[in-house]
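Okay, here's the structure, questions in a sec.
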Amino acid sequence: MEVVVAQLVARALTVDSEEGSSLPWLSARSRLKKRLREALGTAPEEPLGVLESVMAEADLNAFDARRSSLRWGRAYYLLGVPAVILATIAGATGLATAAGRVAAAVIALVSAGLSAAATFLNSQEQRKASGRLCAAWQELADDARMELIQRAQALKTGTPGDDVFGTTYWEKVLELHRRKGYLLRGDLAPEQITTDRARPEPLRSSA
């Protein structure tokens, strides 16, 4: 058991640094995607690897959802603000002189096009939805991270492996995967799927 703990700690401390030094041109997100891609179709070598996989995937999806939210926010202002300004200019130009009516009509058409695009894309609601999805993915990642820390700490303090990776552990893993499935479908409603029965009991260290 001591060997397993040592391997887990060593991996946690060295994997990121080794990948960062060997692939300095890749961002942390790119390295994480590379690790997840390489893990496709394989099973973790240790039980804690299941939690590591959930945590990594949730962190990556939370990051992507946050970037999507920021992009939708920029689109909202890039389409909405010019539309308002052009509509104002069109009105002022049309009222100023009779000769300016053609230019005002062109400007009004551009403004209407921007407004229609903003309405069609519904960028403000898309931004909010992406923000909610980001928060849900991050919550899942944090739950997996805390569970991973708790189990690893229990191993370090001498708790038997059968107690650490008992029924409650696999119930928790199953719960996290169910939550991941809901989020992959874009369903944020089932927030109450965590039940008291699925929550792991505090781990007891061996005497």
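Does any residue in the stretch 124-136 that is touching a residue at least 12 places away in the same chain (Cβ under 8 Å) come within less than 7 Å, Cβ to Cβ, of a residue that is among the hydroxyl-bearing types (Ser, Thr, Tyr) and open to solvent by less than 60 Å² (accessible area, probe 1.4 Å) six or more places away or on a different chain, and which pairs are these?
From the stretch 124-136, the pairs are Arg127/Ser69; Ser130/Ser68; Ser130/Ser69; Gly131/Ser69; Cys134/Ser69.
Additional query: Tell me the residue from Leu48, Leu13, Leu32, Leu40 that is out of contact with any Phe, Trp or Tyr (no Cβ under 8 Å at 6 or more places or on another chain), surrounded by fewer than 16 Cβ atoms within 10 Å (Cβ to Cβ) and at pLDDT 70 or above, please. Give the derivation first.
Values: Leu48 fails: surrounded by fewer than 16 Cβ atoms within 10 Å (Cβ to Cβ); Leu13 fails: at pLDDT 70 or above; Leu32 fails: surrounded by fewer than 16 Cβ atoms within 10 Å (Cβ to Cβ).
The match here is Leu40.
A further question on this structure: List the number of the failed condition for Leu26; all other conditions in (1) of a type outside the set (D, E, K, R); (2) at pLDDT 75 or above; (3) open to solvent by less than 70 Å² (accessible area, probe 1.4 Å) hold.
Condition (2) is where Leu26 drops out.
Considering only helices (runs of 4 or more DSSP H) fully contained in the stretch 96-179, which possess at least 2 residues that are open to solvent by 40 Å² or more (accessible area, probe 1.4 Å) and among the aliphatic types (A, V, I, L, M)?
Values: elements: 101-121, 123-156, 161-164.
Hits in the stretch 96-179: 101-121, 123-156.
Hey, another quick one. Evaluate the following for Phe63: is it within 29 Å of Gly181 (Cα to Cα), at pLDDT below 80 and part of a helix (DSSP H, G or I)?
Numbers: within 29 Å of Gly181 (Cα to Cα): yes; at pLDDT below 80: no; part of a helix (DSSP H, G or I): yes.
Taking the combined requirement at face value, the residue does not satisfy it.
The values are calculated or read from the model by the stated rules, or taken from the named source; none is laboratory data. As the structure is a computational prediction, the values presented were derived from the model and not from experiment. Every residue, glycine among them, receives a Cβ derived from its backbone with ideal geometry; neighbour counts consider all protein chains shown. Remember, those area values only see protein heavy atoms, side chains included, never the ligands or the DNA or RNA. Shrake-Rupley method; radii C 1.70, N 1.55, O 1.52, S 1.80 Å.
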